[in-house]
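Working notes, beginning with the structure itself.
The values are calculated or read from the model by the stated rules, or taken from the named source; none is laboratory data. Keep in mind that this is a model prediction, so the values were computed, not measured. As a convention, Cβ positions derive from the backbone with ideal geometry for all residues, glycine included, and neighbour counts pool all protein chains shown.
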Amino acid sequence: MKIISINTLCGLHNMLYDKKKLEINKKIEVKNNFLDINHLFWSQVLSHETISRTINKFVQISSVLGTLSIQEQYVVSAPNTFFNKLIDAKNNIINIETDEENLFSYIETLNIFCMIYSKLLPANFIFTIDQGFHRSSNSAKEMLEHCLLEYSNPYLHFITQTVLPIILESKPDIIFIRGIPNIGSFAVAKLVKQKLPNVHISITNHSTEYYSINKIKNSLLSNVFFFECFDSVVLNHNHIETEKKIIDSLSKNSALSDVPNILYKDSDGSVNATNIDITYPKYDFNTNNIFGKYVNVRLFPKNHCYWNQCTFCGINNKYLNCSATWNIEDAWCQINYLKNKNINYFWSIDEAIPPSILYQLAQKMNCHNCNFIWHTRSRLDLEWINEDIIKELAVSGLTQIRLGFESASIRILKLMNKHENVEEVLNNIEVILKLFFKYQIRVHFPTIIGFPTETLYEREQTINYLKKLKKKYPLFSYNVNILELDISSSLYKNWDKYNITQINLPCPLNDFMGNIVKWYEPIVHSTTPDLEQSRRNAMLSQYTWYPENALTKPHIFYRLYESGRYMLYNMKISDIAKVEYNQNGIVVKKFSDLVSWKTQLGTYITYNPRNHHYYECSESVHNLFNDDNILIDDMRYFSLINELLLNKFIYIYEGR
Ligand code: SF4
């Protein structure tokens, strides 16, 4: 049996996760039967040749594109500077020691490139580094019908020119496609089946943090459009074992009904689900692939969140089953393996581990003199009011913990069913935080705004509370999500009880491939500012250095920062820069790569490619930026200086 595994075409986050360098090899390698087509795609998009061609072409046609955004004007005004910054971003983004501000600079530069790249395509596709080409559809029918049309599928050229020849050359009997199926996966499957009608194509490893086919497996059973392209779906989280069983079965011409944890299409065209019978491997990570500095590991693969009762949450439904006992020995076995391999950093991706279990694990690590830096997730739980637990965790090297906060409103927390004793938990938040901070453990609060019936007052109450904590505690951080209605959550199943008046599925349920549906609730959806603006403002008030008009949305930046696990290495506490200067005359220097130009409207812009801040300025300030050495003894400039220094346009060179 010839097997080939490929992944789906999506954003660059996998690369940030795996820290794999983008490079073009003359010979495209299929390693261990795996062809990383997403990596190949991005390596082509970000090759020197494509970058150069794209920038040149964009500069050439810029005059006919109408009004250009500031970022586009920057590319046109300084193509060489932009080229160099882009190469720098592409090469350095995977450096795990990158701090927040540099990471932002790289992401923004890459997103500017994605914007101009997509502007040169025949159709208007949204293209960003976090998602690649934005998902055009969640309907299997639509993806099936449109996947071979150039104007609907931006990946088509790459698939036909690069992916298809490699797959056909290897003449596979089975193709495993890893990741969330999208229009690209449909195109690959449809094109391959035109040439190799007997190939078996299976979707596998599709569960991400929030998405999983497991959440829609019942409706998928009657999704004829999906099963026109694909033959099976691996439901088990541990996809490797199930894939082996599929290979074994097909090689013996046996029925797939004996392979547990799958959906499959039978020879008569009927679609079936097999029994749930999960065996867990000893190690949750791939032991052949842990050469990096850190490992993502589910310490307790048999458990999901120990609360599992929040009404909005569908995260636990991606797992097929769950144990009620927490096996410390198994978790320790995994940690010990890492210890023996001299891997000192790990990120536990478990949904939420109880404090007492984490305590026992930390004791075990401390008994064995482990030397880890690690991260985990739990809940805001009164059990945390116990200094012994937190001290033990600190000694074991825990540097950051994520505790779902969600809201500062008692009423909303009750609707969310977040805690048994909401008032008591809210009253003790700072007690818990202070204990963690006493032992230098950072605490991060994921937060949700826009829960049905949340008023503007309640939303502001939440955001103001987060801002207050951030001001008070440097080791505190947060991110703000807008509630998405998960199709497997109890909120979705009981939507009428939460004042939701509309649920909008983009297609019939038995054709739907998504996990999130649109909804409307009058109180939440008629407030101003809208949810998007509130989230942006809340995130910006945490990132004081973030340019207000950046292309990259601050919550997307946060997601990429988290995906890349940069915080494991980056222990620096960002502080609002304190700038002192002498008003009696200072010699300052501008940073050498500033770009300054006159716009079509006759105004002047100065842009800092290092951090993407820009100023719309007067001619005299524009001239000031065009001086190499700027002697600031003109009182007109003093009001500007502090801001210019803060945003790294100029730096103090020497006193006069
Ligand atoms: S505590 Fe977190 S993981 Fe558990 S149910 Fe609530 S939101 Fe989901």
Only unsatisfied item for Glu150, checking (1) part of a loop (DSSP other than H, G, I, E, B); (2) within 28 Å of the chain's Cα centre (by Cα); (3) surrounded by fewer than 16 Cβ atoms within 10 Å (Cβ to Cβ); (4) at pLDDT 95 or above, is (4)
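Tyr520 - would you say it is outside the structural domain of Phe230 (by TED's automatic domain parsing) and surrounded by 17 or more Cβ atoms within 10 Å (Cβ to Cβ)?
Values: outside the structural domain of Phe230 (by TED's automatic domain parsing): yes; surrounded by 17 or more Cβ atoms within 10 Å (Cβ to Cβ): no.
For Tyr520, the condition - outside the structural domain of Phe230 (by TED's automatic domain parsing) and surrounded by 17 or more Cβ atoms within 10 Å (Cβ to Cβ) - is not met.
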Index of the failed condition, Val192 passing every other in (1) touching a helix residue (DSSP H, G or I) at 6+ places or on another chain (Cβ under 7 Å); (2) farther than 25 Å from Asp350 by Cα; (3) in contact (Cβ under 8 Å) with a residue 40 or more places away in the chain; (4) of a type outside the set (Lys, Arg)
(3)
Being buried (at least 16 other Cβ atoms within 10 Å of the Cβ), at pLDDT below 95 and among the aliphatic types (A, V, I, L, M) narrows Ile278, Ile246, Ile201, Ile240 down to just Ile278
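Just one of Phe125, Phe158 is assigned by TED's automatic domain parsing to the domain that holds Cys10, within 29 Å of Val59 (Cα to Cα), touching a Phe, Trp or Tyr at 6+ places or on another chain (Cβ under 8 Å) and not charged (D, E, K, R); which is it? Lay out the reasoning, then the answer.
Details: Phe125 fails: assigned by TED's automatic domain parsing to the domain that holds Cys10.
From the options Phe125, Phe158, the qualifying one is Phe158.
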Condition first: under 16 Å from Asn537 (Cβ atoms) and of a type in the set (Lys, Arg). Now tell me which residues in the range 450-478 satisfy that.
Arg459, Lys467, Lys468, Lys470, Lys471
Provide a single number: the residues in the range 167-195 that are in a loop (DSSP other than H, G, I, E, B) and either in contact with a Lys or Arg (Cβ under 7 Å, 6 or more places away or on another chain) or not assigned by TED's automatic domain parsing to the domain that holds Lys244 (or both).
4
Selection status of Phe436, more than 15 Å from the ligand (Cβ to nearest atom) and either free of Cβ contacts under 8 Å to residues at least 40 places away in the same chain or of a type in the set (A, V, I, L, M, F, W, C) (or both)
yes
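Report yes if Ala123 is among the hydrophobic types (A, V, I, L, M, F, W, C), farther than 24 Å from Glu241 by Cα and not in a helix (DSSP H, G or I), otherwise no. Working first, answer last.
Numbers: among the hydrophobic types (A, V, I, L, M, F, W, C): yes; farther than 24 Å from Glu241 by Cα: yes; not in a helix (DSSP H, G or I): yes.
For Ala123, the condition - among the hydrophobic types (A, V, I, L, M, F, W, C), farther than 24 Å from Glu241 by Cα and not in a helix (DSSP H, G or I) - is met.
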Exactly one condition in (1) touching a residue at least 60 places away in the same chain (Cβ under 8 Å); (2) within 16 Å of the ligand (Cβ to nearest atom) is not met by Leu456; state its number.
(2)
